[in-house]
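Below you'll find the structure, written out as structure tokens, and then a few comments.
The values are calculated or read from the model by the stated rules, or taken from the named source; none is laboratory data. Since the model is a prediction, treat every value here as computed from it, not as a measurement. Cβ atoms come from the backbone with ideal geometry, glycine included; neighbour counts cover every protein chain shown. Just the protein is used for accessible areas: all its heavy atoms, side chains included, with ligands, DNA and RNA removed. Shrake-Rupley method; radii C 1.70, N 1.55, O 1.52, S 1.80 Å.
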Amino acid sequence: MTDGRSWQGNWKARLYERVRERGYDSLTAFAEARPAVPLNQLAAELGKDDIAGVQVLGGLHAEAEQRKQVTRFVRDVLVRELSESLPNGWPAVMDDESRFQVAKALGCWSADTPDTHKERVKQARAALRATPPPPGWRPLGPDDELLRTLLPDEEV
């Protein structure tokens, strides 16, 4: 968490400068080198005190739009949310605690989803609830087979 400094100055230039300092030509390349790492951790790696997770999210979304890979971006955000909320994978037993962690991951994912994909994410959430993944399922990237089934790469 930052103390507000992340929004001071030209934060976009600062974000991309940090990415280039680490040897990457895009924020997407930086993030792809760290699959399943939550957005707030990516932000902390780029600038613990002056880069926020929402800035990383926005930059990744913008790059995904340019590359016409928004669906893949949406899957990637889910992977990162699941990694943060369910570090041991999909729960074997849906008790109150695990139900909360699943709801938290899916709720954050929904909130971070671009409007163009809201309906598809709603359908994917319903599918995950109706037919849960196997216990321990933990996608390691946006190209996970189950995720590609839930959200195929057709751009909307």
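So the values come out like this:
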item	result
The chain - accessible surface per residue (Å², probe 1.4 Å)	54 Å²
Cβ-placed point charges (K, R +1; D, E -1), dipole of the range 96-156 about Cα centre in debye, nearest 20	320 debye
The range 93-156 versus the range 11-61: alpha-carbon centroid distance in Å	23 Å
Longest DSSP-loop-exposure-free segment, trypsin sites (Lys or Arg not before Pro), the chain, at most 14 other Cβ within 10 Å	69-156
Carbon and sulfur %, accessible surface of the range 75-156 computed with the full protein complex present, 1.4 Å	55 percent
Where labels lie 7 Å past Cα in the beta-carbon direction, separation of residue 45 and residue 129 in nm	3.3 nm
Farthest toward positive dipole pole in the range 11-133 [+1 Lys/Arg, -1 Asp/Glu at C-beta], among 26, 121, 94	121
Stretch gain in nm, segment residue 143-residue 12, where the contour uses 0.36 nm per residue and the Cα spacing is subtracted	44.4 nm
Cut-off 14 Å, label 7 Å out along Cα→Cβ of residue 99, residues of the range 116-156 by amide N	129-130
For the chain, built as a Gaussian network whose Cα springs stay under 10 Å, the top-fluctuating residue of 39, 106, 128	128
Within straight-line cross-link reach of residue 118, lysines at Cα separation under 22 Å, skipping those fewer than 8 residues along the same chain	68, 104
Mean Cα-pair separation over length for the range 37-135, i.e. relative contact order, pairs under 8 Å, 6 or more apart, %	24 percent
